[in-house]
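In what follows, a single structure is set out as structure tokens and then discussed.
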Amino acid sequence: MTPRDRIRYFFSSHRTGLSVCLLALFLLVYPAWVGNPYLLGISNLIAVYLIAVIGLNLFIGYAGQISLGHAAYLGLGAYGSALLTVHLGINPWLAMAATAVAVGLTAFLVAIPTLRLSGHYLAMATLGFNIVCYTVMMQWDRVTGGPSGLAGIPHLSLAGVAIDDETRFHYLAWGAAILVLTLGLNLARSSLGLALAAVAQNETAAASLGIQVHRAKIRIFVLSAVLASVAGSLFAHCYTFINPDSFTIFNSVELVTMVVIGGLGSIWGSLFGASLIILLPEFLHFFETFRDIIHGLIVVTVLILLPQGLVSGLKDLLRMRLLRKANNARN
């Protein structure tokens, strides 16, 4: 094997790890390169949503299930961490961990009956759970603050240094996002990822191969809920204020839109989908008014033209074009 072949083999066999390292290096110098707190704030929001979107993509894209209520777990993470710190004075890191455990247990209890459903029945069940959580956040104003929201949430801190500006939060949020991205990429190649892929293709065939279908779906659902909880807690401690309007069924649809645009089953696509949906309002000022309509049009267009999502679909189109050129060159 020539040195060139060895280098080519090294890059092809470590492509995923090198891609993550390159992204991490870019994010390391990004604050100094940008130097704009507003732009940093946008990228920080992308990082927070990316954590939740990766978890949702594992559930929708790999397990082949559907959830229209994932914003509920985002809200439970945000309110759980906020209430523990504001009302009980618990350390924010302990509050985040305790909330993640509680949300995971809640998701487990929800998953046992609901994941026996499929298709639009499952979609309606998850949607109903989101409506219940939103109603509690809105109506239990003595605890949650109701429509007025909950303020005074403390910032996170490390080694006595408060993470109270966009630059510090950038390294925390994107550090967490990189860890979750790495987790998602490795999980997709693990035995659980392969089992989920089999479940998504055909549950009966997967069961005949010895895969415990219901247990596999519960495990990935709980993981996706815990990731959403962590994202919600980061959101609360970053902005120090939350209200129920950030966790409605429309926010759940927004999360699904990010997954669909990036590509079902594409972890890297989750980064693209989250970035696109969050950046669109910055380029289209009318987007906020017609957000739900535009989300619907984007999803329908992508599903019709590129059912695999933009990233996966464009990658497949490029691969087919290269193969066509190679065949033409041979002929």
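Quick rundown of the values:
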item: Residue count for the range 133-157, restricted to those that are in contact (Cβ under 8 Å) with a residue 12 or more places away in the chain and either touching a strand residue (DSSP E or B) at 6+ places or on another chain (Cβ under 9 Å) or of a type in the set (A, V, I, L, M, F, W, C) (or both); result: 14
item: Residues satisfying the stated conditions in the range 117-149, i.e. modelled with pLDDT under 90, within 22 Å of SER81 (Cβ to Cβ) and of a type outside the set (S, T, N, Q); result: TRP140, ASP141, ARG142, VAL143, GLY145, GLY146, PRO147, GLY149
item: The range 217-248 - residue that is under 24 Å from LEU194 (Cβ atoms) and of a type in the set (D, E, K, R) and, of those, surrounded by the fewest Cβ atoms within 10 Å (Cβ to Cβ); result: ARG219
item: Every pair of residues 6+ apart whose Cβ atoms lie under 8 Å, when the first sits in the range 117-131 and is at positive phi and assigned to a helix (DSSP H, G or I) while the second is of a type in the set (Val, Ile, Thr) and surrounded by 15 or more Cβ atoms within 10 Å (Cβ to Cβ); result: GLY119/ILE66
item: Any hit, the range 72-90, residues being in contact (Cβ under 8 Å) with a residue 40 or more places away in the chain, over 30 Å from ALA111 (Cα atoms), small (Gly, Ala, Ser) and surrounded by fewer than 18 Cβ atoms within 10 Å (Cβ to Cβ); result: no
item: Count of the range 87-104 residues which are under 19 Å from the mean Cα position of the chain (by Cα) and of a type outside the set (Gly, Ala, Ser); result: 4
item: Selected residue [within 19 Å of the chain's Cα centre (by Cα), of a type in the set (Lys, Arg) and over 30 Å from ASN36 (Cβ atoms)] from ARG116, ARG189, ARG142; result: ARG189
item: Candidate set: the range 249-268, residues that are under 25 Å from PHE169 (Cα atoms) and of a type in the set (S, T, N, Q); chosen: the one surrounded by the fewest Cβ atoms within 10 Å (Cβ to Cβ); result: ASN251
item: Pair list, Cβ under 7 Å, 6 or more apart: the range 24-42 residue assigned to a helix (DSSP H, G or I), other residue exposed (fewer than 14 other Cβ atoms within 10 Å of the Cβ); result: ILE42/GLU282
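The values are calculated or read from the model by the stated rules, or taken from the named source; none is laboratory data. Please read all numbers here as calculations on a predicted model, not as lab measurements. Cβ: placed from backbone, ideal geometry, glycine included. Neighbour counts: every protein chain shown.
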